[in-house]
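Report on one structure; see the data block that follows.
Rule-based calculations on the coordinates, nothing more; no lab input. It should be emphasised that the depicted structure is a prediction, and the values quoted were computed from it without experimental measurement. No Cβ is skipped: glycine too gets one built from the backbone with ideal geometry, and neighbour counts run over all protein chains shown.
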Amino acid sequence: MVVGAVGIAVPATAAVSYPSWDDVTNARANEAAKKAQIDTVKALITSLRDASAAAQAAAATAATEYDDALFVAHEAEQKSADLKTQLETAQASAAASAQQAGSMFARMGRTNTFDVTASLLVDSGNADDTLYKLGAIDKLTGLSSQLLDDARQDANQVTSLSEQAVVAATVLEEARAESEAKLKAAEDAAAVAAAAVAEQELHEETLLGQLSFLEGETATVEAGYAAGVEAARKAEEERKERERAAAAKALADAIAAGKNNGGSGGGGGDGGGGGSNAGATGTYFQPSAQGWWRPLPGRVSSSYGPRSIICAGTGCSAPFHSGIDFANNCGTPMRAVAGGRVSYASYAGGFGYRVIVDHGGGVQSYYGHMQAGSIRVGVGSQISAGTFVGNVGATGVATGCHADVKIYVNGAHTNPAPFLRARGVSV
């Protein structure tokens, strides 16, 4: 087990022993071993699901905590900006008050304040003048005191705001550090969640298939598959018998026509067949005369051309289907329709896990929605026609188990059905 940054334990691939198909097949033959294997597989499935859910929940919690920390940092930043503006205003006001007080006391310093007061009293001609001058002296003294008080208050305001600004700067720095730490935690949690989901996706489909096999639930599927193969064999025999009968009738008709015409030589027939499957020998079980294979047995569940938009899995499909879908059980191996060089073998978003084979001459074949972890070929490898390239899955934009097969010619997609039929493949 590995522990994520947010304290959620996630199973590591290297630390967990997953059963192989040989283990499962051997266990099915022994009832006691079968029960133990079933319990093991069920426990592994539960562990994968729980770890994935827990990791995703932890990632969501970490993301919420980061949002909260970021909000606090933004609030601190706004508070710091407001204090800066207030401090600038207070400093301007304090400077103005200091200038006014300085100017007044500079003027008073150039004269003797006592002489000014005495002259005002001595020069008074009467009582009214004396009272007036006494009032003027009082106002002068009051103005000086007010200027001093204003200057002191403005200076005190500057000091207070400066101290608050220092505190706000410290709070802002701490809030930013906290938001950065929360962001890192959220990123780590997201990585852990992605790893858990990948782990689940990688193993769960195989484990479910093994569980189904152990519990005997695949018996119906196996029987149905065998019946389908037998039905296809009988249908092929009946088709060949019809062709033989038709050829015999044509020969008989020709002989009869020759007799009616006095024994003259009869004309031959033209080679029939167009875009149909008549005469096609290429199937999932054997190649055509031209060496091409059908990638999967089973029905075509979606044809080439316009179709309704499908939304599932990782997103939505395009309104035009540029391939054909072969429906089959997840885990069924799919073949390369022809030999060539593998140019892509990895995850492809909405197309799920995908393999692309370049056959030369501008022709490429695409195989999409493969089961996670099932790709059997690597980029750059040269493969033969009919090689198993991976297993049927439902990854990407998919509503069920199927293979999306596309054919590109000189960079443009074309309908795979007539393309393959033209090369002797039954589609």
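Can you name the condition, by its number, that residue 390 falls short on among (1) surrounded by fewer than 22 Cβ atoms within 10 Å (Cβ to Cβ); (2) among the small types (Gly, Ala, Ser); (3) free of Cβ contacts under 8 Å to residues at least 60 places away in the same chain?
(1)
What's the total number of residues in the range 333-347 that are assigned to a loop (DSSP other than H, G, I, E, B) and buried (at least 21 other Cβ atoms within 10 Å of the Cβ)?
Start the filter on the range 333-347 by keeping residues that are assigned to a loop (DSSP other than H, G, I, E, B), which leaves 336-339.
Right, trim to buried (at least 21 other Cβ atoms within 10 Å of the Cβ) and you get 336-338.
Summing the residues that are assigned to a loop (DSSP other than H, G, I, E, B) and buried (at least 21 other Cβ atoms within 10 Å of the Cβ) in the range 333-347 gives 3.
Look through 427, 379 and report the one residue that is of a type outside the set (Gly, Ala, Ser), more than 16 Å from residue 334 (Cβ to Cβ) and assigned to a loop (DSSP other than H, G, I, E, B).
Values: 427 fails: more than 16 Å from residue 334 (Cβ to Cβ).
The match here is 379.
Looking at (1) surrounded by fewer than 22 Cβ atoms within 10 Å (Cβ to Cβ); (2) touching a Phe, Trp or Tyr at 6+ places or on another chain (Cβ under 8 Å); (3) not aliphatic (A, V, I, L, M); (4) not in a strand (DSSP E or B), which one does residue 406 not meet, given that it meets all the others?
The single condition residue 406 does not satisfy is (4).
Can you name the residue in the range 298-325 that is in contact with a strand residue (DSSP E or B) (Cβ under 7 Å, 6 or more places away or on another chain) and hydrophobic (A, V, I, L, M, F, W, C) and, of all such residues, is surrounded by the most Cβ atoms within 10 Å (Cβ to Cβ)? If you could, list the steps in order and put the result at the bottom.
Taking the range 298-325 and keeping what is in contact with a strand residue (DSSP E or B) (Cβ under 7 Å, 6 or more places away or on another chain), we get 298-307, 309-310, 319-325.
Then keep just the ones that are hydrophobic (A, V, I, L, M, F, W, C); that gives 300, 309-310, 320, 324.
Values: 300: 16, 309: 10, 310: 17, 320: 11, 324: 23.
That would be 324.
Taking the condition out of contact with any Phe, Trp or Tyr (no Cβ under 6 Å at 6 or more places or on another chain) and surrounded by fewer than 19 Cβ atoms within 10 Å (Cβ to Cβ), does residue 362 pass?
Working: out of contact with any Phe, Trp or Tyr (no Cβ under 6 Å at 6 or more places or on another chain): yes; surrounded by fewer than 19 Cβ atoms within 10 Å (Cβ to Cβ): yes.
Yes.
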